[in-house]
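Taking it in order: structure first as structure tokens, then the write-up.
The values are calculated or read from the model by the stated rules, or taken from the named source; none is laboratory data. Predicted, not measured: the structure shown is a model, and the values here were computed from it. All Cβ positions, even for glycine, are placed from backbone atoms using ideal geometry, and neighbour counts span all protein chains on display. For the accessible areas, the whole protein counts, side chains as well, though only heavy atoms, and no ligand, DNA or RNA atoms are used. Shrake-Rupley method; radii C 1.70, N 1.55, O 1.52, S 1.80 Å.
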Amino acid sequence: MSAVIYLDNNATTRIDPEVVEAMLPYLTEYYGNPSSMHSFGGQVGKAIKTARSQVAALLGAEESEIIFTSCGTEGNNTAIRAALAAQPDRKHIITTQVEHACVLNVCKQLEKQGYTVTYLSVDHQGQIDLAELEAALTGNTALVSTMYANNETGVILPVAEIAALAKAYGATSHVDAVQVVGKLPLNLKASPIDLLTLSGHKLHAPKGVGALFVRRGFRFRPFLIGGHQERGRRAGTENVAGIIALGKAAELAQQHLSEVSREQQLRDRLEQGLLSTIPDCQVNGHPTKRLPNTTNIGFKYIEGEAILFSLNQHGICASSGSACTSGSLEPSHVLRAMGLPYTILHGSIRFSLSRYTTDAEIDRVLELMPGIVERLRALSPFNSDQADWLQDREEAIVAGSR
């Protein structure tokens, strides 16, 4: 497809050309093992050290607090299991109902191993209640694991306050910041957060590389056991080219943080344009406490997948706020946890922008979307007169699954 309009940047991002330029020599010319004693490998080790400093600078952390990983999923798994290993006598975990699957599914597995897990609820704007968190904390709580910002709605959680409450009860705080790093400024030196996860491909680095922040002094137990790499905290020969790429991407992200307001202006123009030209639609999430690049909009009485198919025919890439698949009417667990009505759950679309998004691309989406929604609603078997029946049906499905 020669003319793609890419508005799915919370799923993955384009690799910055400067990142490609930085990593290529480590795929061809500088192929030595960074653990080798000779200078050919030693120069690669020095490049990894530079990358570590670049990532640390973006996070407002120390170089020694950065562990390179393969992805956000590995980082989250490592953080959760390290927190539990640090306090083996504690058997309680707190997380939220709207986490990524790589956190929720680990917690479900741990429940089968004897741990108790509290899943905090969210309100209709996607926010947690700090009073509910404090009421759930006990002397048996080992870990509080929450995302910084939700991947579907962009809603930002009060992670500093969450971490402070966890610390007051002697629990470890872990933050999944995969969607935040490079979009919001961070200063972990001034934060009570113990562990924080990031993934390279969400900030214009390639897939297959990420990092885990581990606060100095934390009793860390490695997830991958083997050699001495990453100071014995993550075994396995380093993904050198990926690490160099992540370092460069972190450096560029820090430079571009001042330009995030432009992304927000484009996001707001897209959002306001859709709301003003298409009836029966709404923004899902908090009106202001959201990532500057993300909007999740629910279009009543139609399926999100039908909208995506129509957009795809015009070369526009977005994603559905619904997890519907063929043969299933199960909507997004995030939007369901927010208590949104059935007619919104199934017709929600996420648009996520990047520094490469242009005004012309936003204009094109605003030009096409009203006609797409109007056509799909004309074909839909549902309408506003059936909204109550649809909601009753959804509630019956939820009740039946309990």
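A Gaussian network model of the chain, with springs between Cα atoms under 10 Å, assigns the largest mean-square fluctuation among 300, 248, 108 to 108.
Among the protein heavy atoms, those of residue 36 account for about 40 Å² of accessible surface (1.4 Å probe, every chain in place).
Tally Lys and Arg at +1 and Asp and Glu at -1 over the other residues with C-beta under 11 Å from the C-beta of residue 44: what net charge comes out? Counting the neighbours of residue 44, the net charge comes to 0. Ordering 168, 147, 223 by Cα displacement along the dipole of region 99-233 toward the positive end leaves 223 in first place; charges were set at the Cβ atoms of Lys, Arg (+1) and Asp, Glu (-1).
Take every DSSP beta bridge whose two residues both sit in the chain; close to 50 percent of them are antiparallel. With a cut-off of 13 Å between beta carbons, the residues surrounding residue 371 carry a summed charge of +1, where Lys and Arg count +1 and Asp and Glu -1. Please report, in debye to the nearest 20, how large the charge dipole of region 1-125 is about its Cα centre when each Lys and Arg carries +1 at its beta carbon and each Asp and Glu carries -1 there. For this selection, approximately 440 debye.
In terms of accessible area, using a 1.4 Å probe and ignoring ligands and nucleic acids, 351, 220, 40 rank largest first as 40, 220, 351. Remark: region 202-215, residue by residue, has Karplus-estimated 3J(HN,Hα) of 8, 10, 6, 10, x, 6, x, 9, x, 8, 10, 7, 10, 4 Hz, where x stands for each Gly or Pro and the curve is 6.51 cos²θ - 1.76 cosθ + 1.60 at θ = phi - 60°.
Starting from the residue with the highest accessible area, list 363, 268, 89, 194 in decreasing order, probe 1.4 Å.
The ranking, largest first, comes out as 89, 363, 268, 194.
Distance between the pseudo-spin-label points of residue 221 and residue 358 (7 Å out from Cα toward the beta carbon): 5.3 nm. When only alpha carbons are used to place a centre, region 114-131 and region 152-188 end up 14 Å from one another. In plain terms, the bigger the Kirkwood radius, the slower the diffusion; for region 251-371, with that radius from Cα pairs, at 10 °C and 1.306 mPa s, Stokes-Einstein puts D at 106 µm²/s. Could you identify which residue out of 365, 181, 334 has the top mean-square fluctuation in a GNM of the chain using Cα springs shorter than 10 Å? Highest fluctuation of the listed residues: 365. If you plug the beta carbon distance of residue 272 and residue 81 into 1/(1 + (r/R0)^6) with R0 = 60 Å, you get a FRET efficiency near 0.85. Screening the chain for whole DSSP H helices of 27 Å or more along their axis (Cα) with average Kyte-Doolittle hydropathy at least -0.5 returns 39-59, 359-379. For the options 28, 69, 50, a Gaussian network treatment of the chain with springs between C-alpha atoms closer than 10 Å singles out 28 as fluctuating the most.
Solvent exposure of the chain amounts to 42 Å² per residue of accessible area, where only protein heavy atoms count and the probe is 1.4 Å. Pairs over the 26 Å Cα-Cα cut-off, from the set 46/189; 91/207; 167/189; 108/189; 207/289; 167/289: 91/207; 108/189; 207/289. In this simple spin-label approximation, residue 27 and residue 39 carry label points 7 Å from Cα along the Cα→Cβ vector, and these lie 2.8 nm apart. How many percent of all Cα-Cα pairs in the chain sit more than 29 Å apart? Roughly 47 percent, once rounded to a whole number.
Each Lys and Arg adds +1 at its Cβ and each Asp and Glu adds -1 at its Cβ; summed about the Cα centre, region 114-187 shows a dipole of about 260 debye.
Going by a ≥ b ≥ c, the root eigenvalues of the Cα gyration tensor, does region 81-221 fall in the rounded group (a/c under 1.5), the prolate group (a/b larger than b/c) or the oblate group? Mind showing how you got there, number by number?
Working: a/c = 1.43, a/b = 1.25, b/c = 1.14.
Note, shape of region 81-221 comes out rounded.
When the chain is described by a simple charge dipole with +1 on each Lys and Arg Cβ and -1 on each Asp and Glu Cβ, the residue from 347, 7, 250 located farthest towards its positive end is 250. Full extension of the chain between residue 121 and residue 379 gives 89.3 nm of extra length, using 0.36 nm per residue less the Cα-Cα distance.
Relative to one another, the C-alpha centroids of region 206-264 and region 347-378 are positioned 34 Å apart.
Once the other residues with Cβ under 13 Å from the Cβ of residue 214 are scored (Lys, Arg +1; Asp, Glu -1), what is the net sum?
Summing Lys/Arg as +1 and Asp/Glu as -1 gives +4.
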